[in-house]
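The values are calculated or read from the model by the stated rules, or taken from the named source; none is laboratory data. Owing to the predicted nature of the structure, the values given are computational and were not obtained by experimental measurement. Positions of Cβ are generated from backbone atoms using ideal geometry, with glycine treated the same way; all protein chains shown enter the neighbour counts. Calculation scope for accessible area: heavy atoms of the full protein, side chains included, ligands and nucleic acids excluded. Shrake-Rupley method; radii C 1.70, N 1.55, O 1.52, S 1.80 Å.
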Amino acid sequence: MQASSSAGNRPAPRPATGRLGVLTPGLGAVATTFIAGVESIRRGLSKPIGSLTQMATIRLGKRTDKRSPYIKEFVPLATLDDLVFGAWDPIPDDALTAARKAGVLQEKHLEPIADFLAAIKPMPAVFDQKYVSRLSGTNVKKGKSKRDLAEQLRQDIREFKAKHKLDRIVMVWCASTEIYIKAGPQHATIEQFEKAMDRNDEAIAPSMLYAWAAIMEGVPFANGAPNLTVDTPALLQLAISRGVAVSGKDFKTGQTWMKTVIAPGLKARMLGLEGWYSTNILGNRDGEVLDDPASFKTKEESKLSVLHTILQPELYPDLYNGFSHVVRINYYPPRGDNKEGWDNIDIVGWMGYPMQIKVNFLCRDSILAAPIVLDLALFMDFAQRAGMKGIQEWLSFYFKSPMAAQGLQPEHDLFIQQTKLKNTLRHLMGEDQITHLGLEYYPS
Ligand SMILES: NC(=O)c1ccc[n+]([C@@H]2O[C@H](COP(=O)([O-])OP(=O)(O)OC[C@H]3O[C@@H](n4cnc5c(N)ncnc54)[C@H](O)[C@@H]3O)[C@@H](O)[C@H]2O)c1
């Protein structure tokens, strides 16, 4: 299977002309915080803190060249003023009501943009309680078959594009975590996938129908949740054959982001690990959905893989063989979206002496996730215009379970991911890679 289109002598990326539609399945805490933030920034009321596309610079050439433009000036990205938002949700609340219920943003930040948010009303969703048991909704499509429902999504995409006179669209999954589904024969080829849609096979979850519809419409698709969704041979094959960029899975925000910062540090210094215990409390709707063991299983799988891949116990058995890794998420309503996480890390040093690291992270989930949605929307649109298709491994930086080509270990180390991201931008824009060798600065 192909990971992404190969480098070669690629033509310059097409410019970002016209308006870009950002469609999110899900209009909950993350999606509304993202939309409200963009509007607030557009009106000069906030700054895009946490967003690489808006705030980061990129070094080009040698250190002595002193060329460090903003990424947004180096790469042809859509501007915030170009963005138009739309969503699907089984709960009919408009974005203002949904943002108020999510309780992430304060009234003083919502009030100045209230009219804008109130005008964003979710389209009826493809939703089935079988896949998210803790939710029920009334704003739901009816259809003869899963194929029929997916065709209705395609129609929504086309109508949204025409209504808002958009040049392009991207889709970012910001909906609830679905139950754990293992890839089966239904996901092996696109023919089998489409037959399974026709016979309403249980292995085809709603998120897969959104992904299928997006790819069929030439719309890049990023998956912010740990659901299997587009990470199947069938949909990857479809994405490549239709020249569409995809990425996933599961936004890398709080505790896992910390893990991918600390674990590479331990490994870089050849310090051992005996165990890593992570627990957290959160009280938002996501926490409620994850209180269901079937949805938590999907999340757990996504969170557990990180340490093994970074630490490589097969290469360093003396340091990392058999360490214990436990992850708990506890639904605790009083905290709302303000998650509190505790990590206890038992590490091992010189002559086997044990040490401990404790992390107590009082984070705000959606505040960390919102800039990721923005960056993914802009970078996925850019990738598409640059002729990239299939898995966008260079966007692993944003995901807890980065998708990778079959048989390839995903890259979890945040700093390697960052280098990969920036080098991909340099590569696509015809600039030299930065190797950090640095010998050219010293006499040979
Ligand atoms: N906030 C973070 O830090 C973070 C990190 C990683 C992943 N995520 C994932 O992002 C997703 C969104 O998180 P959130 O906090 O906004 O959750 P949320 O519960 O506030 O919002 C999710 C929304 O999706 C809707 N929904 C459910 N099924 C749907 C479907 N089939 N089609 C359309 N809409 C549907 C729900 O009605 C809800 O409004 C979750 O899957 C979560 O696990 C969040």
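Long hydrophobic helices in the chain: the complete DSSP H runs spanning 24 Å or more by Cα along their own axis with mean Kyte-Doolittle hydropathy of at least -1.0 are 293-311, 365-385. Calculated mean residue ellipticity, 222 nm, the chain: -11000 deg cm²/dmol, from DSSP H runs (n ≥ 4) at -39500 (n - 2.57) each, averaged per residue and rounded to 500. The tail of the calculated P(r) for the stretch 266-347, taken as Cα-Cα distances beyond 17 Å, holds 53 percent of the pairs.
Counting Lys +1, Arg +1, Asp -1, Glu -1, what net charge surrounds LYS339 among other residues with beta carbon under 12 Å of its beta carbon?
Details: positive: ARG335, ARG364; negative: ASP286, ASP337, GLU340, ASP365.
Once all neighbours under 12 Å are counted, the net charge is -2.
Over 11 Å, how big is the tail of the calculated P(r) for the stretch 239-284, in percent of all Cα pairs? Result for the distance tail: 79 percent. Kirkwood analysis of the Cα pair distances in the stretch 368-444 returns a hydrodynamic radius of 14.0 Å. A 1.4 Å probe run over the stretch 162-240, with the rest of the protein chains in place, finds 32 Å² accessible per residue. Between the beta carbons of ASP167 and LYS101, assuming R0 = 35 Å, the FRET efficiency works out to 0.60 to the nearest 0.05. Classify the stretch 46-176 as rounded, prolate or oblate from the Cα gyration tensor: take a ≥ b ≥ c as the square roots of its eigenvalues, call it rounded if a/c is under 1.5, otherwise prolate when a/b beats b/c and oblate if not. Prolate. Computed over the alpha-carbon atoms, the chain gives an Rg to Rh ratio of 0.96, Rh here being the Kirkwood radius from the mean inverse distance.
Quick check on the stretch 174-256: take the gyration tensor over C-alpha atoms, sort the square-rooted eigenvalues as a ≥ b ≥ c, and tell me if it's rounded (a/c under 1.5), prolate or oblate. Here the stretch 174-256 falls in the oblate category.
Sorting the Cα pairs of the stretch 35-116 by distance into bins of 5 Å, from 0 upward, gives 3, 12, 19, 18, 16, 11, 9, 6, 4, 3, 1, 0 percent per bin.
Once Rh for the stretch 250-406 is found with the Kirkwood sum over Cα pairs, what is the Stokes-Einstein diffusion coefficient at 4 °C and 1.567 mPa s, in µm²/s? Calculated translational D: 76 µm²/s.
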